Amino acid sequence: MRKKICVIDGQGGGIGSTIISKLKMAYGETVEILALGTNAIATSRMLKAKANRGATGENAIAHTVRSADVIVGPLGIVLAHAMMGEVTPKIACAVAQCAAPKCLLPLSQENVAIVGVSDDPLPHLVDELVDVRLKNLL
């Protein structure tokens, strides 16, 4: 059975689509990638990046992460009211409480700083995520 990776993003879906494109290049169809957007634009963009399936909104995210093998996304997916309020408390709680390993990119427009984390640009962070971190989980 293929591992199920839930990629969660909001706003324009740029981070999620970048992650999905790299995952597809690295793993092809050996994994199932679910695009979970906080809004329809984010979901649509992640589906264009070749996610296997997609869903939008609070309930879809909270329900789907329960069956995830791995959850991937920006740090904001565990912060209530992040992404200009798109991450609801229910989404943040569902992601944080999920038993699946979470690989969070230290990108945040919130008033949160992660001490000891590099300021590498998104492409470098996604490379590390896919080439190093996920290899140990998949």
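Every read-out reported here was derived from the displayed coordinates using simple, explicitly stated rules and does not represent laboratory data. The model shown is predicted, which means the values in this text are computed figures rather than measured ones. Don't worry about glycine lacking a Cβ; one is built from the backbone with ideal geometry, like all the others, and counts go over all protein chains shown.
Observations on the structure shown:
- Remark: Arg133, Arg45 ranked as Arg133, Arg45, counting other beta-carbon atoms within 10 Å and listing the fewest first.
- Listed residues Glu32, Glu128, Glu58, most fluctuating in the chain (Gaussian network, C-alpha, under 10 Å): Glu128
- Spin-label model distance (nm) - Cys93 vs Arg66, 7 Å beyond Cα toward Cβ: 1.4
- Close amide H partners of Val87, meaning residues 5 or more places away or on another chain with modelled amide H under 5 Å apart, are His81, Ala82.
- Positive-pole candidate from Leu47, Gly85, Leu75, dipole of the chain, charges at beta carbon: Leu47
- Within the chain, helix-based [θ] at 222 nm, where runs of 4 or more DSSP H residues each add -39,500 (n - 2.57), nearest 500: -9500 deg cm²/dmol
- Cα-Cα separations in the chain greater than 27 Å, expressed as whole percent: 9
- For the range 76-125 versus the range 27-51, the gap between their alpha-carbon centres in whole angstrom: 18
- Using R0 = 25 Å, the C-beta based FRET efficiency linking Arg133 and Asn39 works out to 0.40.
- For the range 41-56, Karplus couplings with θ = phi - 60° (6.51, -1.76, 1.60), whole Hz, Gly/Pro x: 5, 4, 4, 4, 5, 5, 5, 5, 7, 5, 4, 5, 8, x, 8, 10
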